[in-house]
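> Before I ask anything, let me first share the structure, which is written out below as structure tokens.
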Amino acid sequence: MRAIAWVVLGWCWVSAGWAQSGVLQGRVMDAAGGALPGATVIPTDFPRLARTTEQDGTYRLELPAGRPLEVRFSFVGFEPVVRVITLEEGENRMVDVRLRAGVSLGASEVVADGERTEPVRRIDPRVAVRIPSPRGSIEDLLLQAPVNFTSELSSGYNVRGGSFDENLVYVNDIEVYRPFLVRAGQQEGLSFPNPDMVESITFSAGGFEAKYGDKLSSVLDIRYRKPTESGTRLSASLLGVQWQQDAVSSGDLGQRHRLTLNTGLRYRDNSYVLGTLDEGGEYQPRYLDGQAFLTYDPDGFGPWDVEVLGMVGANRYTFFPATRQTDVGNINEALRLTIYFDGQEQTSYTTGFGAVSINRTTENTRWRLIGSAFRTQESEEFDILGAYYLDELDRDLGSDELGSVLVNRGVGAFLDHARNRLDASVLSAALKGSTTPAGSRHFLEWGVKFTHEDIADVLSEWSLVDSAGYISPHPLDSIGYADASERPDQTIELNDIVRASNRVASQRAQAYFQDSWSRERANGGRWDLNAGIRGHYWSFNQQLVGGPRARIAYTAPEDTSGTSTVWRLAGGYYYQPPFYREMRFLDGSVNPDIRAQRAVHAVLGMDRVFVMYGRPFKLVGELYYKDLDQLIPYEIENVRMRYYATNNSRGYATGLDLMLNGEFIEGVQSWMRASVMKTAEDLVDDGYWQPLNSDGEYIIQGFTLNNEAVDSVRIEPGFIPRQTDQRFNMSMLFQDEMPGDDRYKVLVSLYFGTGLPFGPPSFERYKDILRTPPYRRVDVGFSRELFTPTEERPNRRASGFVSVEVFNILGIRNTINHTWIEDVNGRLYAISNFLTDRRVNVKIGLQF
């Protein structure tokens with residue numbers, strides 16, 4: 001009863017306040033006067049009255065009159081502004097606010113996080129420079145999204161049971177690629193997007209629209225910034241330096257500049273972090289890239305404009321291994337693997353990219369003609385000789401020799417060799433358009449794209465394993481030059497031989513059409529619908545694929561507490577015609593009969609904005625199911641994917657993603673995400689015969705060994721976990737400020753993921769029944785703002801920070817994959833290959 005009385009009293013007080021009210025309206029802009037659509041305006045005493053600005057940055061609020069009110073103006077990536085305003089009864093006051101760019105994230109993302117009716121999330125790029133991570137790339141921001149990582153050294157990520165090759169990445173409407181030959185995260189270098197040049201990021205984990213391309217899992221859509229004023233950004237750390245420059249032409253009329261330039265240069269050297277790996281030696285990773293985004297408006301006002309995007313990158317990785325010592329096991333069995341190396345590894349990726357876009361924009365219609373060219377030259381060379389000892393350790397807790405070598409399990413050696421070359425070029429031309437017919441609520445979009453791909457690949461790699469002091473079959477006095485038909489006992493048997501010379505030239509044609517429209521309801525709710533169709537033709541296999549995609553969303557009326565909820569359902573057909581890696585067999589040859597993989601998405605989502613502790617929060621939940629068919633199975637070695645190049649699998653992925661973000665600490669934004677997921681596949685031809693006789697002989701493909709009939713049974717493994725089957729994942733980006741002095745900040749990046757399936761290196765998927773340990777990592781960054789505004793200099797443009805970052809602060813050694821060692825008895829041991837250990841990094845950033 002007491003609670004009811006308080007509710008009634010509060011309602012009467014609010015009603016009395018509304019009897020005397022005024023109107024506050026105006027425009028929210030950046031420092032240059034540009035509109036900030038989606039900025040948040042919150043009366044702190046009346047959070048349910050919060051509004052977001054329109055496309056032109058304007059806002060309008062009706063507020064109680066006759067009392068001072070604190071109104072907070074904020075936008076993602078800008079420092080919030082608070083004004084105390086007292087309105088007279090019936091007054092209509094204009095208040096324009098300019099926000100200064102900053103690095104702390106305000107509450108605006110909670111209320112105005114992109115199109116809430118779409119299955120996408122808007123991600124703020126300005127915090128990228130602050131996230132403590134050895135990657136230092138745009139992918140660090142994806143901790144805000146339902147994305148799974150398996151290595152802090154790689155930019156690759158998995159989405160809802162799919163591999164990285166199933167993700168689309170766009171920069172300014174142009175698809176970008178990653179290296180083809182990469183086999184370890186430390187070789188990758190810099191990913192294409194430059195965080196300092198980015199204006200906006202949207203991400204969809206499934207159920208995306210027909211205008212996006214043909215992949216099975218996700219879309220990462222990145223837009224580079226068109227500068228409105230000149231500025232410079234510099235950052236440096238123990239891992240490298242970054243420079244970014246914004247420039248605009250002078251003497252232009254109004255706010256539009258005829259010529260703008262957004263350019264960046266990055267250099268990175270990860271040897272400081274790689275020094276914590278178990279494989280000791282001399283690491284020489286050198287990564288360099290330069291990018292420029294130029295826009296030209298011929299007359300400053302007309303409908304035509306031109307955009308040019310260029311990029312040159314050179315990633316060089318050289319490694320001289322020396323020794324490795326790895327201890328694994330538990331109280332029941334503890335082992336130590338010691339390896340002495342000789343040789344070196346050299347990997348090189350040289351990438352060039354250029355694109356020109358001609359745009360025409362009128363009141364209701366936009367045309368966009370895009371031409372692009374991509375070229376990559378990659379080489380991989382290594383000769384690594386290793387001699388190893390596998391020892392059993394003393395595990396007696398009462399022994400003085402605890403942890404020391406007790407007995408030797410075996411010795412051996414191996415030689416890994418590779419001389420791989422790849423040269424790939426992709427030329428494309430696309431025409432896109434959109435229009436809103438006069439007097440209509442429909443928004444029509446369409447596009448066509450033509451692509452030419454030319455890939456030349458020369459592969460030569462093998463390994464020689466001497467597992468226990470002898471090679472089987474054991475050679476007498478030859479090293480393989482004898483005539484194998486005459487003296488087969490004198491040849492050396494090589495393992496994992498890949499020899500091929502491929503040249504694949506093909507063309508692709510793609511097209512899409514979609515329509516979006518909305519309908520208002522009398523109760524204040526709104527229906528939003530999107531429906532489209534997409535087609536893709538590939539000349540290599542002469543296959544045409546495509547299908548419909550659709551989305552429907554209902555926005556419920558906002559209630560009196562300020563809670564707003566959007567319900568949405570999205571789905572459709574998603575085909576993925578193979579690219580080069582999917583069509584290459586394990587031996588390096590190409591399958592001419594490869595077909596497109598197919599997925600059917602169904603995504604049910606909820607997006608709720610609510611007020612808690614007087615601050616806004618946002619909760620997003622998505623329940624999904626993906627039916628998968630014509631899959632191409634693969635094995636994962638570190639980050640290298642080796643495909644079976646055969647459409648012999650079907651499967652599914654299902655799960656739930658929950659994401660919460662808001663001001664857990666007043667004034668700063670934080671994110672939390674938890675996901676459960678299961679994905680499995682069934683290979684149609686992975687059955688095998690299990691012997692039932694005492695001699696242990698096998699029936700293979702319906703025939704007997706030694707012409708002896710034995711009793712056996714055919715085993716069909718059925719559905720087995722896919723290589724990306726992480727059952728539970730959790731991530732968090734948490735920010736805080738020092739009470740009383742917000743110049744001091746802390747940012748915590750946390751990630752947890754359960755183990756992934758793995759098995760012996762036999763390329764028999766049904767044997768992948770083991771699980772790696774969970775991936776657990778916490779990175780922390782402590783920073784202090786520099787050049788903060790003061791009463792004497794409130795409009796100071798210069799800003800900066802200095803930070804101390806602790807990578808892997810808990811010192812947890814995560815497992816990326818395994819080295820398999822065989823003893824003289826034929827027993828296999830899986831020795832974990834660990835990732836990086838704890839490191840302290842120092843970073844400084846300046847902006848002026």
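> So how do 352-359, 144-151 stack up, highest first, on mean other-Cβ count within 10 Å?
144-151, 352-359
> With every protein chain present, what accessible area does F782 have (1.4 Å probe, heavy atoms only), rounded to the nearest 10 Å²?
100 Å²
> Taking 8 Å as the Cα distance limit and 6 or more residues as the minimum spacing, I'd like the relative contact order of region 287-382 as a percentage.
Computed value for region 287-382: 27 percent relative contact order.
> Above 13 Å lies some portion of the pair distances; for region 544-597, what is it as a whole percent of all C-alpha pairs?
Taking all Cα-Cα pairs of region 544-597, the fraction more than 13 Å apart is 72 percent.
> Could you tell me which of the pairs K626/K678; K432/K626; K226/K745; K618/K678; K215/K626; K215/K449 are separated by over 18 angstrom between their Cα atoms in the structure shown?
K432/K626; K226/K745; K618/K678
> What does the accessible area of M730 come to, in Å² to the nearest 10, when a probe of 1.4 Å is used?
70 Å²
> Quick one: length gained pulling N502 to Y744 fully straight, 0.36 nm per residue minus the C-alpha distance?
So the extension gain works out to 81.5 nm.
> Taking the Cα of S399, stepping 7 Å toward and past its beta carbon, and measuring to each backbone N in region 323-340: which are under 14 Å?
330-336
> Okay, next question. Which order do the peptides 177-190, 733-746, 613-626 come out in when sorted by mean C-beta neighbours inside 10 angstrom, highest first?
Output ranking for 177-190, 733-746, 613-626: 177-190, 613-626, 733-746.
> Quantify, in whole percent, the carbon and sulfur part of the accessible surface of the chain (1.4 Å probe; protein heavy atoms only).
For the chain, the apolar C and S fraction of the accessible surface comes to 56 percent.
> Averaged per residue, what accessible area in Å² does the chain show with a 1.4 Å probe, protein chains only?
On a per-residue basis, 43 Å².
> FRET efficiency for L335 and A798, Cβ-Cβ distance as r, R0 = 60 Å, nearest 0.05?
0.60
> Please compute the length gained on full extension between Y766 and H417, using 0.36 nm multiplied by the number of residues separating them and subtracting their Cα-Cα distance.
That pair, Y766 and H417, stretches by 122.8 nm at full extension.
> Another question about this same structure. Would you mind checking region 355-372 for residues with the amide N under 15 Å from a putative spin-label position 7 Å along Cα→C-beta of L431?
Within reach of a label on L431: 358-360, 366-371.
> Related question: From the mean inverse distance of alpha carbon pairs (Kirkwood) and the Cα radius of gyration, derive Rg over Rh for the chain.
Radius of gyration over Kirkwood radius for the chain works out to 1.00.
> If I model a spin label at E229 and D559 as a point 7 Å from the Cα along the Cα→Cβ vector, what separation in nanometres do I get?
That separation, rounded to one decimal, is 4.3 nm.
> Relative contact order for region 506-581: what percent, with Cα pairs under 8 Å and sequence separation of 6 or more?
25 percent
> How much accessible surface does W446 have with a 1.4 Å probe, in Å² rounded to 10?
My reading of the accessible area for W446 is about 60 Å².
> If one computes P(r) from the Cα atoms of region 288-377, what percent of pairs lie at distances over 16 Å?
Here the long-distance tail beyond 16 Å is 74 percent of all Cα pairs in region 288-377.
> Give the percent of DSSP beta bridges with both residues in the chain that are antiparallel, rounded to the nearest 5.
Beta bridges within the chain, antiparallel portion: roughly 95 percent.
> Can I ask one more? Roughly what angle does helix 2-19 make with the longest principal axis of the chain, taking Cα atoms, 0 to 90 degrees, to the nearest 10?
The angle comes out near 50 degrees.
> Separate question: So how much slack lies between R521 and H442, counting 0.36 nm per residue of separation and subtracting their Cα-Cα distance, in nm?
That pair, R521 and H442, stretches by 26.8 nm at full extension.
> Taking R0 as 51 Å, what FRET efficiency do you get between R93 and M606 from their Cβ-Cβ distance, rounded to the nearest 0.05?
According to the calculation, E is roughly 0.85.
> Using just the helices of the chain, give the 222 nm mean residue ellipticity in deg cm²/dmol: DSSP H runs with n ≥ 4 each add -39,500 (n - 2.57), and the total is spread over all residues, rounded to 500.
Helices in the chain give a 222 nm mean residue ellipticity of -1000 deg cm²/dmol.
> Considering only protein heavy atoms, with the full assembly of protein chains and a 1.4 angstrom probe, order I632, I331 by accessible area, largest first.
I331, I632
> Then there is this: Any idea how far apart D837 and Y177 come out in nm if each label point goes 7 Å out from Cα toward Cβ?
For the pair D837/Y177, the computed spacing is 3.9 nm.
The values are calculated or read from the model by the stated rules, or taken from the named source; none is laboratory data. Please read all numbers here as calculations on a predicted model, not as lab measurements. Glycine also receives a Cβ, built like all others from the backbone with ideal geometry; neighbour counts cover every protein chain displayed. Surface accessibility is based on the protein's heavy atoms, side chains included, excluding ligands, DNA and RNA. Shrake-Rupley method; radii C 1.70, N 1.55, O 1.52, S 1.80 Å.
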